[in-house]
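Here is the structure we will look at, set down as structure tokens.
Quick note: the coordinates plus some simple rules give every number you see, no bench work behind them. Just so it is clear, the structure is predicted and the values come from calculations on it, not from any experiment. Heads up, the Cβs are rebuilt from the backbone with ideal geometry, glycines too, and the neighbour counts pull from every protein chain shown.
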């Protein structure tokens, strides 16, 4: 936490990197000074509270909404205060109101000409949706009525001490449970012993917030997490799914998953993944258990996603595989970076992107090994058809977690086809093979490529053969080029003939019409047929139909 005490009661103009370039008693003067010193930088304004611990309060959105809030009846609370104290970027602002909250939220929305949503009418909670004036990202302002007869009593009912801190609009801290001390110590501690009983979803929130903050669970809290793990069966699947998505979406996901496993929660929420710890495997796998391999594959896919997002090097030292392999992978991914980024950002359901779903596919890509393990006479393990069994298991789990059908189907396709690239470690795909790859996999094909690369790195680790890896990367480049640069030519060329054309050439009505159209499309995709005349002549030849004198 940064010490702002020397600027108490003043306005500061800060650069994007947080350097102070303007100091003044008045907002406009601080901004003017900052612009004179850094005319080309994007500046942000903060006001330093005169009250210890002298929090930096951002001008936006507080400056926009403060005139409409009664400072004696409205406080900033919860995660918003925690993030302010930690100096983190803010996206959600939670206010508690001593009085009607939904009418206040609706009034703020009206004066700001912003959308309003009643989140929970029974608990008197409303939301205002803003867009950040510079990044244009969504910013939520939530207003909730006090859940008790005083602010302090309300805070004591919250989940963890670091979320049980409130702030007056001029920066005075209210901290009845010692949350500031726990922030400084980097620990997550329950506010009271019945916290998990009051809302069992807090079991997952403890794991998520440990990942988000990098904090550790206080020993009594972690022991309570283990004792109460079975309570996680009570919350709705939708609420559980939301928390799990955030845990798995965090980079790296491994610490959160390890805490889920250590606490016993993983066996309740993702039992198929939990079972992987007991499944052993042999060469060529460098990790002796399927769970160890899966965690390594998660680190690999996180490195791949970071490269696609523009990183020059994968961020985590735990990524599997030799450095040279990652250097070559970096070159490949950067060459397709804009196209891959657009592909991965596409949402398959509200707020759920392909990039997020890749991590679910990697987490579940080998769950079928639990039911398919066999050992041959030489002591080698095999997992025949594990990808098919795993796809079925994945579908059931994502249905149970209420995933949208389109998102579920994408993950299931990646699990089912994650071994499709296996032959391309020896030879690159032909044009026919590329066409058939995408005909079978559709838009999931690009995701399958990325999952297969992560899986390969995790299988072989530092034993990865350079020639095999280079051949696989060349195959991946061929497949990506076809999808992003030659889609209408190699993958989905416009048909040369219609069903009526095929019927007119003598094919009887029925499924044969579609089959011949498929064969025509493949011949067109591999460059054997170019014109309608080519297609007609080829089909006549295949059918043994004489060429008419007047066609």
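Below, the figures for the structure above:
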read-out	value
Near-label residues of the stretch 234-277 by backbone N, under 17 Å of a point 7 Å along Cα→Cβ of residue 137	246-247, 249-252
Mean Cβ count within 10 Å, highest first, over the residues of peptides 240-249, 65-74, 11-20	240-249, 11-20, 65-74
Ranked list, fewest to most other Cβ atoms within 10 Å of each Cβ, for 364, 343, 268	268, 343, 364
Label corresponding to volume of the Cα convex hull per residue in Å³ when calculated from the structure given, among (i) 212; (ii) 167; (iii) 255	(i)
Taking 199, 399 and counting other C-beta atoms within 10 Å, the order from fewest to most	399, 199
Cβ crowding within 10 Å averaged over residues, with 289-301, 488-500 ranked highest first	289-301, 488-500
Three-way shape label, the stretch 273-491, alpha-carbon gyration tensor, a/c 1.5	rounded
The stretch 320-418: relative contact order in percent, alpha carbon pairs under 8 Å with at least 6 residues between	26 percent
Modelled FRET efficiency - R0 60 Å, residue 381 with residue 113, Cβ distances, 0.05 increments	0.45
Full-stretch length increase - residue 88, residue 223 - with 0.36 nm per residue and alpha-carbon distance subtracted	45.7 nm
Folded to 0 to 90 degrees: helix 202-213 orientation relative to the chain principal axis, Cα	90 degrees
Likely footprinting exposure, 6, 419, fewest C-beta neighbours within 10 Å first	6, 419
Cβ-Cβ FRET estimate between residue 122 and residue 467, R0 fixed at 45 Å, reported to 0.05	0.10
Overall form of the stretch 1-48 per C-alpha gyration tensor (a/c, 1.5; a/b vs b/c)	oblate
Prolate/oblate/rounded label for the stretch 241-359 (Cα gyration tensor, a/c 1.5)	oblate
Highest to lowest packing among 442-449, 231-238, scored as the average C-beta count within 10 Å	442-449, 231-238
Whole-number D in µm²/s for the stretch 361-415 (Stokes-Einstein; Kirkwood sum over Cα pairs; 37 °C, 0.692 mPa s)	281 µm²/s
Acute angle (nearest 10 degrees) that the helix 431-441 long axis makes with the longest principal axis of the chain, alpha-carbon atoms	50 degrees
Separation of alpha-carbon centers, the stretch 419-472 and the stretch 88-160, rounded to whole Å	48 Å
Considering only the chain, percent of DSSP beta bridges that pair antiparallel, nearest 5	80 percent
Rounded to 10°, Cα long-axis angle of helix 444-460 versus longest principal axis of the chain	80 degrees
From the C-alpha gyration tensor of the stretch 499-543, square roots of 5λ in Å	17, 11, 8
Label-point separation, residue 28 to residue 40 (7 Å along Cα→Cβ), nm	2.9 nm
